[in-house]
Structures are given as structure tokens and as C-alpha cells.
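Peer 1: The structure under discussion is supplied below as C-alpha cells; questions concerning it will follow.
Here, each number is a calculation from the coordinates, and none is a lab measurement. Everything numeric in this text was worked out from a predicted model, so none of it was measured. Counting neighbours? That spans all protein chains shown, and the Cβs are built from the backbone with ideal geometry, glycine included.
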Amino acid sequence: MGSVLTIKQGDRYPTYWTVPMSLTNCTVRLIARRGSAPAVTLPSTISDPGGGIVQHILDGTLTVGLYAVELEITRGTDIITAPTDSYENLRVIADLD
């Protein structure tokens with residue numbers, strides 16, 4: 001984790017987020033926040049538990065801006081937030097039409 005994913009407003013396709021741990025027997029929440037706006041939970045599924053890969057399908061509803069993104073992973077009673085020392089970044093830019 002630690003990169004910037006740039007998408008166009010209105011895009012609709014799967015995106016993938018990877019953590020350096022197995023997500024077997026875990027649940028995840030993909031959380032995003034734009035500026036000082038309240039955080040939102042984006043619908044996501046674990047697509048490759050052993051590889052630590054989470055899928056979010058863009059639905060075209062994110063507004064233009066830069067979002068800080070993190071994964072909240074629950075394993076039993078443990079809650080692990082990734083990345084641990086920063087945020088991922090999702091940048092939504094305007095479509096030309």
C-alpha cells in the first residue's frame with residue numbers, strides 16, 4: 001500500500017487494494033474520507049484471502065477530490081488498520097463530458 005489510484009468521475013469497474021497479510025478468516029471495511037468530510041465505508045469484498053487482496057467495484061458515485069483510504073481488518077477480536085503509518089490515496093478527477 002502507499003500509492004495513488006486515479007480514476008475519472010463516473011467510472012464503474014473493479015479496483016483492488018492489497019495488504020501484506022493473509023485475510024483468511026477476516027472481515028474488512030474499506031474506509032475513505034475526502035478532506036474534512038465524514039468518512040464513508042465503500043462496499044468491498046475479500047477477493048483473494050491468501051494474497052491479502054480486497055476488491056471494491058466503483059459505482060460512479062464518488063465526487064471529485066482526493067480521498068484518504070484505509071482498510072480496517074477484523075480477525076477474531078483483533079482490529080488491524082492498514083496501512084499502519086499513513087493512508088492510501090484515491091484521486092477522483094472530472095470526466096471531460
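Peer 1: Please tell me the relative contact order of the chain in percent, rounded to the nearest whole number, where contacts are Cα pairs under 8 Å and at least six residues apart.
Peer 2: 38 percent
Peer 1: Which log10 I(q)/I(0) values does the chain give at q = 0.10, 0.16, 0.23 Å⁻¹ under the Debye formula, counting every alpha carbon as one identical point scatterer?
Peer 2: -0.26, -0.65, -1.25
Peer 1: Could you tell me what percent of the DSSP beta bridges with both partners in the chain are antiparallel, to the nearest 5?
Peer 2: Counting only bridges with both partners in the chain, antiparallel ones make up about 85 percent.
Peer 1: While we're here: Please state the charge dipole magnitude for the chain, taken about the Cα centre, from unit charges on C-beta atoms (+1 on K and R, -1 on D and E), reported in debye and rounded to the nearest 20.
Peer 2: 100 debye
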